[in-house]
Amino acid sequence: MSFLVAGHPPKTCAACGRPIAPSELYYRFTLVLQGEQDVLDASGKGGGGELAAVLRQLEQGPEDPREWEEQVHWERTGVICTGCRTVVMRTLTPPPGHEDPH
């Protein structure tokens, strides 16, 4: 069964850049990375040293607000080809018995 929809622009794989033919299978994706950090010691024993370290980190960070935003929230959508799907799935799937990637 083949369906061609006239007027749609050709798709390009977001990973490898290869054009995807209308008759080829492709995969849509949405990837969202949200930065999180446990800033202060939950026990309350950290004192002001931890807060001062965070303030220094903020002062030394990028000046462009967009860079700060991307460090906290980064989102992309697109399509990938069958070959790249295999690579992405292998990359993002932890090996059996491995709970934490770090």
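The values are calculated or read from the model by the stated rules, or taken from the named source; none is laboratory data. All values derive from a computational prediction rather than experimental measurement. Backbone-built Cβ (ideal geometry, glycine too); neighbour counts: all protein chains shown. Surface accessibility is based on the protein's heavy atoms, side chains included, excluding ligands, DNA and RNA. Shrake-Rupley method; radii C 1.70, N 1.55, O 1.52, S 1.80 Å.
Arg28 meets all of the listed conditions (1) open to solvent by 70 Å² or more (accessible area, probe 1.4 Å); (2) out of contact with any Gly (no Cβ under 6 Å at 6 or more places or on another chain); (3) at pLDDT below 85 but one, namely (3).
Looking only at segment 58-102, residues that are under 18 Å from Gln34 (Cα atoms), open to solvent by less than 100 Å² (accessible area, probe 1.4 Å), hydrophobic (A, V, I, L, M, F, W, C) and modelled with pLDDT of 85 or more come to 1 in all.
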